[in-house]
Structures are given as structure tokens and as C-alpha cells.
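Asker: Can you keep this structure in mind? I'll have questions shortly.
The values are calculated or read from the model by the stated rules, or taken from the named source; none is laboratory data. Here the structure is a predicted model, which means the values were calculated and not measured. Ideal geometry is used to build each Cβ from the backbone, glycine not excepted, and the neighbour counts take in all protein chains shown. Please note that ligands, DNA and RNA were not included when accessible areas were found on the heavy atoms of the full protein model with its side chains. Shrake-Rupley method; radii C 1.70, N 1.55, O 1.52, S 1.80 Å.
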Amino acid sequence: MSAPFPRDGAGRNGETMSQPRTALVTGAARGIGAAAVRRLADTGWNVVALDRAEDDPSVPYPLGTRKQLAELAAPYQGAVHDVVADVRDLARLTEAVALAEERFGGLDAAVAAAALMAGGAPLWESDDTEWDALFSVGVQGVANLARAAIPALLRRPEPRHGRFVALASAAAHNGLWHLAGYNAAKHAVVGLVKGLATDLRGTGICATAVSPGSTRTDMLTATAALYDLTDVEEFAKHQLVGRLLEPDEIAATIAFLCSPDSSAITGSVIHADGGFTT
């Protein structure tokens, strides 16, 4: 676990901020979401780290836990506030945004990292349970975060540097065997971000998507199980870097997109995929 930086705005590369900025990150208990929380907190951000922190009966693998979420927040001495909430519940997301404003004085970035993996059969052999799981969390959850967070980002005074970042996937751009529903859900995230960026035109708020390749997470382990693979390293051969990516590598991209330095990027997809090919 990364050591927390002092709350004077000092970051891991020595950069400083005049005042701490605040982000809300969903899917925060583990994987890329947890890595994004650490990256942001280690560079002086305050973070509301949100996760449902319980399993979903519609998917056959365990999800992040309440313990993992609490352990993520503990080292940051109040700069990371953990919240248990389901991204499918717009009211709970709105409450989390209000908490960020009350506790930290406002909201500057929202990161939609919550998602599920489901599949393993041709689309015509799948059922609504799989489809609903993928879209309710991976697409509706992103839209709910936008509905809850964008008004708070707009409440920041001009000139604004608000950021909305959603996790898409290399699967948004490449067909994957027996994962047509996942392909469709992640492609929908890209479309959502492009439309959102257009709606935000001229506001100072940027909306972007990050498409990771095969990253060493519990979700990748679940994907391997769908393919009856015993070793996730099998996925490395699809990437030009010749290895799996680490969650912190994707988090570095997310942290950049949350920063004022990313002001020229909106309505775009950043392919942090290690040169993913099919």
C-alpha cells in the first residue's frame, strides 16, 4: 500500500496544489478503482471512495468487501472517506456527492470505475440476467454518477477544472469471444462519455474515458474463469508490451485526466491498453 503524503498538497512527484482538490471514485474497494484512490490521495487529493462492498448474485465471483474499502481509507487519516453505496442507486450517489461537498468543500472530479464481468457463451445463448448485470452497473452506474456529480462540478466557481472520467475497456473497441454483452456495455460507456462531453461544452469540465487492456485485477481472474484458463498470464500475449498491466499504471492515466493539465482532452478515449490487439 502506498504511504500517504502530508495533507499540505505535496504529491508523489513533488508537485503542489494551492488547495486540495476532491474526487469521488466508484468501484473503489479493489482493482483499478482502489489504485485510482491511492494515486489521487498520494498526490494531495481528498477522495470519497465508494463501493457496494458486497457480492452480486448475478455474477459467479466475489466482489470487493467492506473490509477492503475500510483498509483502503485507513492510512489517509481522513483524506479518504469510504462510503458503502451501489452505483445503481442514484439517491445514494447523490448523497455521496453531498458528503464530498460538506466534508471537503466541493467536488472537482468523478471517476466511474465500478463494473462487472459476465459472459462465457455466445450472445444467443445468454440471458437477461447477464445483460442486466453488465448494463445496470457498467452503464447505468456511469450515467448515475454523471447525474449526481456533474451538478456539483458545475457548482465550482469559474474558471473550472472539473473532470469526469469513466472506465471503458479495450473490449469497447475489439470484439472478444463470448463476451458480446461486455463489448456492448463498454462501447456504451464510450458513447455516453462522448455525449456528456458535448453537453459540457464551454463549462470548463472535461469528460473522458480510459480503455485499459488486460490488467492484473480480480475481474481479469473472473474473465480467465469464463475461458477455463488456469493462468491469467495467458492474456499477456494479446498486448504489445508482452505482459499484463498493473492497476497503478491505469490509475496514473486516470490521475492525469483528473488534473488541470488534461484540459485539452475531452470527449476522447485514452487507450491505456499496453497495445492490446485481437
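Asker: Which residue, chosen from 176, 109, 48, occupies the Cα position most advanced towards the positive end of the dipole of the chain, where the dipole is computed from +1 (Lys, Arg) and -1 (Asp, Glu) charges on Cβ about the Cα centre?
Answerer: Checked the options; the winner is 109.
Asker: Once amide H atoms are built 1.01 Å from N in the peptide plane, which residues 5 or more positions from residue 82, or in another chain, come under 5 Å H to H?
Answerer: The list, which skips near neighbours in sequence, is 49.
Asker: Follow-up question, since we're still on this one. Using the heavy atoms of the protein chains alone and a 1.4 angstrom probe, what is the accessible area of region 98-196 per residue in square angstrom?
Answerer: Value returned for region 98-196: 40 Å² of accessible area per residue.
Asker: Further, regarding this structure: Calculate the dipole size of the chain relative to its Cα centre from +1 charges on Lys and Arg beta carbons and -1 charges on Asp and Glu beta carbons; express the result in debye to the nearest 20.
Answerer: Approximately 940 debye in magnitude.
Asker: If you don't mind, another one. Using the Cα centre as the reference, give the magnitude of the dipole from point charges on the C-beta atoms of region 140-278 (Lys, Arg: +1; Asp, Glu: -1; all else neutral), rounded to the nearest 20 debye.
Answerer: For region 140-278, the charge dipole is close to 720 debye.
Asker: Of all accessible surface on the chain at a 1.4 Å probe, what whole percent is carbon and sulfur?
Answerer: After summing per-atom areas, the C and S share lands at 53 percent.
Asker: I would also like to ask the following. So for each of 108-117, 146-155, 193-202, 46-55 I average, over its residues, the number of other beta carbons within 10 Å; can you give me the resulting order with the highest mean first?
Answerer: 108-117, 46-55, 146-155, 193-202
Asker: Only Cα pairs within less than 10 Å get springs; with that Gaussian network setup on the chain, which residue of 232, 165, 97 has the largest fluctuation?
Answerer: 232
Asker: Tell me, what is the per residue accessible area of region 26-88 in Å², probe radius 1.4 Å?
Answerer: For region 26-88, the solvent-accessible area averages 34 Å² per residue.
Asker: Report the residue, chosen from 84, 142, 25, that carries the largest GNM mean-square fluctuation when the chain is represented by alpha-carbon nodes joined by springs under 10 Å.
Answerer: Top of the fluctuation ranking is 84.
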